[in-house]
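Here the structure is laid out as structure tokens; the discussion comes afterwards.
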Amino acid sequence: MKDRIRQCIIVSLAIALLAGSFVVLSYRGFVPFGARVLYWDHTHFLRSTWTQGEEPNRFMDSDGSLCEGWYRKEDKKSYFVHGLPVTGPCEIDGKQYFFDEEGYMETGIVSDGQVKRYYSDEGVLQTGWIHLSEDTYYFDENGMKTGWFEDKHRTWYFTEDGKMLTGWGKISGRLYNFREDGTLRNDGWYQEGRNTYYLNPDGHASSGRAIIDNQVYFFSDSCRMFQNCWVGNSYAGEDGVMVRSLSIDGLSVDDAGVKVYHGSYGSGGSLYIPSLSLKVPVYLTPGGPEGQDITDRGNSAACLTSFRMPVIADHKNQGFEAIKQCLPGRTIAFVLTPDSVTEYVCTSLCVGSNVEDDILDAAGKTIDDSGADLCLYTCNEDWKHVTIVFFRKIKSAG
């Protein structure tokens, strides 16, 4: 074939020379050759390159003819029609492909305007479930799925970037749980480790106060069911159901399930340690003469507001001598208000000192640096030497 082309060129040149014309040497353009179209560029036919000066320029194949069909350059593939590369979506032999602005075939997740689609390693459009690395996607004729998706009475959720959710996920402010295959759990009670949740028919996990099967339950902000603890003025039992008509930790619960505290409250609530039979109203104060006046009064303790945590003090001869019997890891203390109950467990106790406007532990460090959530202290033989008890918060509700 190449010999035939070469012979044609020689014959054309010979005729031009005999005619005394060198027009052919200055010619640039397309030359029909049988069923093919070649491109003559002054002295030669173009091969494997682009024409120049045409509108638009076209690509000539390695045999010199206009490029048609698939063309590979290194690891990139293009598809040509009459020497022009296809761009955007294109159907070839009944299969859908996508080519970028330069005409190179795309693979993987490809954006076409606002729509994202998936093309295999061979460049063919794919639909259905697609697994990429550790993530799962779903594509249909309209592109990549995002948000809620239902199929055959099962429900999935896909993030904005198309990834299927598994495990826990917060959607529009509500918590949901999805199985390993991405399907939504919505079949009621769900146990995960030591935590219990309730998943409603629409899938969202209950939080706050909820009535389930005519029983009252309480759930945290993270949707874990409360058990064996105070929740505001109510108490959640072993099975999570609100307790009615029972005495718990010395606090009564009436027929309506509401806490009845047989004690009085101060401006800071009330301190209650069941194992020590210690029950005293607490009053907020910055300290100084006002704080001294509160501790001097009978049946009142001062809660110093100058520290980052509640620091409650009272005289040992008014019942606070009992705090020296606190046991780390065992002694439980409650700070109650009319609307809340906060539960603490003792972590440590030591002998420290009362220095001006600060309380120092046995190492001479301020109690603000202890990392505790609650501190109780009382004087020993004199006001400068004090017993300090530290607590960590374990439950808070209200």
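The values are calculated or read from the model by the stated rules, or taken from the named source; none is laboratory data. Computed from a predicted structure; not experimentally measured. We place every Cβ from the backbone using ideal geometry, glycine too, and count neighbours over all the protein chains shown. When the accessible area is computed, the model is the full protein with side chains, heavy atoms only, and any ligands, DNA or RNA have been set aside. Shrake-Rupley method; radii C 1.70, N 1.55, O 1.52, S 1.80 Å.
Listed by first and then second residue, the pairs with beta-carbon distance under 6 Å, at least 6 apart or on different chains, first residue in the range 42-68 and in contact (Cβ under 8 Å) with a residue 40 or more places away in the chain, second open to solvent by 70 Å² or more (accessible area, probe 1.4 Å) and not β-branched (V, I, T), are G64/R47. Do we have any residue at all in the range 33-50 that's open to solvent by 80 Å² or more (accessible area, probe 1.4 Å), at pLDDT below 80 and not in a strand (DSSP E or B)? Scanning the range 33-50 turns up no residue that is open to solvent by 80 Å² or more (accessible area, probe 1.4 Å), at pLDDT below 80 and not in a strand (DSSP E or B). The single condition from (1) buried (at least 16 other Cβ atoms within 10 Å of the Cβ); (2) modelled with pLDDT under 90 that N299 fails is (1).
Residues are listed down the side, and each one gets a yes or a no for (1) of a type in the set (D, E, K, R); (2) open to solvent by 20 Å² or more (accessible area, probe 1.4 Å); (3) modelled with pLDDT under 95:
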| position | (1), (2), (3) |
| --- | --- |
| C375 | no, no, no |
| E381 | yes, yes, yes |
| K384 | yes, yes, yes |
| A397 | no, no, yes |
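Just one of the numbered conditions (1) surrounded by 12 or more Cβ atoms within 10 Å (Cβ to Cβ); (2) at pLDDT below 95; (3) under 14 Å from G182 (Cβ atoms) is not true of F158: (2).
Close contacts from the range 93-111, counting a first residue that is closer than 11 Å to K76 by Cα and in contact (Cβ under 8 Å) with a residue 24 or more places away in the chain and a second that is open to solvent by 60 Å² or more (accessible area, probe 1.4 Å) and of a type outside the set (V, I, T), with Cβ to Cβ under 8 Å and a gap of 6+ residues or different chains, come to Y104/K76; M105/K76. Looking only at the range 92-114, filter to residues that are of a type in the set (D, E) and within 34 Å of the chain's Cα centre (by Cα); which one of those is nearest to N142 (Cα to Cα)? Within the range 92-114, the match that is nearest to N142 (Cα to Cα) is D112.
Checking the conditions here, which among N186, N177 is open to solvent by less than 20 Å² (accessible area, probe 1.4 Å) and either closer than 28 Å to I130 by Cβ or modelled with pLDDT under 95 (or both)? Give the derivation first.
Values: N186 fails: open to solvent by less than 20 Å² (accessible area, probe 1.4 Å).
On inspection, the qualifying residue turns out to be N177.
For the range 197-239, the set of residues classified as open to solvent by 20 Å² or more (accessible area, probe 1.4 Å), under 18 Å from R179 (Cβ atoms) and part of a strand (DSSP E or B) consists of Y198 only.
Could you please let me know if R72 is open to solvent by less than 70 Å² (accessible area, probe 1.4 Å), touching a Ser or Thr at 6+ places or on another chain (Cβ under 9 Å), among the charged types (D, E, K, R) and assigned to a strand (DSSP E or B)?
Working: open to solvent by less than 70 Å² (accessible area, probe 1.4 Å): no; touching a Ser or Thr at 6+ places or on another chain (Cβ under 9 Å): yes; among the charged types (D, E, K, R): yes; assigned to a strand (DSSP E or B): yes.
In short, no.
Condition test on R58, is it of a type outside the set (A, V, I, L, M), at pLDDT 90 or above and either within 17 Å of R28 (Cα to Cα) or open to solvent by less than 70 Å² (accessible area, probe 1.4 Å) (or both)? Steps first, answer last, please.
On the way: of a type outside the set (A, V, I, L, M): yes; at pLDDT 90 or above: yes; either within 17 Å of R28 (Cα to Cα) or open to solvent by less than 70 Å² (accessible area, probe 1.4 Å) (or both): yes.
Spelling it out, R58 is indeed of a type outside the set (A, V, I, L, M), at pLDDT 90 or above and either within 17 Å of R28 (Cα to Cα) or open to solvent by less than 70 Å² (accessible area, probe 1.4 Å) (or both).
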